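**Q** Below are the structure tokens for one structure; questions will follow.
The values are calculated or read from the model by the stated rules, or taken from the named source; none is laboratory data. Predicted model only: the values in this text are computed from it and were never measured. Here the Cβ is made from the backbone with ideal geometry for all residues, glycine too, and neighbour counts use every protein chain on show. These area figures cover heavy atoms from the full protein model, side chains too; ligands, DNA and RNA do not enter into them. Shrake-Rupley method; radii C 1.70, N 1.55, O 1.52, S 1.80 Å.
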Amino acid sequence: MIKFFLMVNKQGQTRLSRYYEHVEINKRTMLEAEVIKNCLSRSKDQCSFIEYKDFKLVYRQYAALFVVVGIDQTENEMAVYELIHNFVEVLDKYFSRVSELDVSFSVSEIHL
């Protein structure tokens, strides 16, 4: 099961976040900071799956954007990895070459 979905830039700023379980606002901030730090600190040669606390992180980088999905232990990492790619392809078709600015200014149009 997907716990959360994040899009962040290389500077670590969250551009889009969606939680599928209740998480208090102050805990979201701490969670996002830790998750972003873990993903951004990894090299391109390292695996895109990270064991983190009681769940897994699956992430992909597209230019200056990172898409990070938090999943429970039973979810298939490769399926989520492909889901991320499909999501970005849909954004690219919808916005005609999606960029970080498109995501920043059009978040209200995106319903996850």
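**Q** Take region 19-34 and flag every residue that is open to solvent by 40 Å² or more (accessible area, probe 1.4 Å) and among the charged types (D, E, K, R).
**A** Correct list: GLU21, GLU24, LYS27, ARG28, GLU34.
**Q** Now for a different question. Among the residues of region 94-112, how many are modelled with pLDDT of 60 or more, surrounded by 10 or more Cβ atoms within 10 Å (Cβ to Cβ) and over 16 Å from GLN61 (Cα atoms)?
**A** Adding up the residues that qualify gives 2.
**Q** Can you tell me which residues in region 11-56 are under 15 Å from the mean Cα position of the chain (by Cα) and aliphatic (A, V, I, L, M)?
**A** LEU16, LEU31, ALA33, VAL35, ILE36, LEU40, ILE50, listed by residue number.
**Q** Moving to a separate point now. Can you tell me which residue within region 40-53, out of those that are in a loop (DSSP other than H, G, I, E, B) and among the charged types (D, E, K, R), is surrounded by the most Cβ atoms within 10 Å (Cβ to Cβ)?
**A** Per the stated criteria, the residue is ARG42.
**Q** Please give the number of the condition LYS37 fails out of (1) surrounded by 13 or more Cβ atoms within 10 Å (Cβ to Cβ); (2) part of a helix (DSSP H, G or I).
**A** Exception for LYS37: condition (1).
**Q** Identify all residues within region 54-75 that are open to solvent by less than 60 Å² (accessible area, probe 1.4 Å) and not in a strand (DSSP E or B); write none if there are none.
**A** ALA64, ASP72, GLU75
**Q** With respect to VAL80, determine if the residue is of a type outside the set (S, T, N, Q), touching a residue at least 24 places away in the same chain (Cβ under 8 Å), closer than 17 Å to LYS10 by Cα and open to solvent by less than 60 Å² (accessible area, probe 1.4 Å).
**A** Answer is no for this residue.
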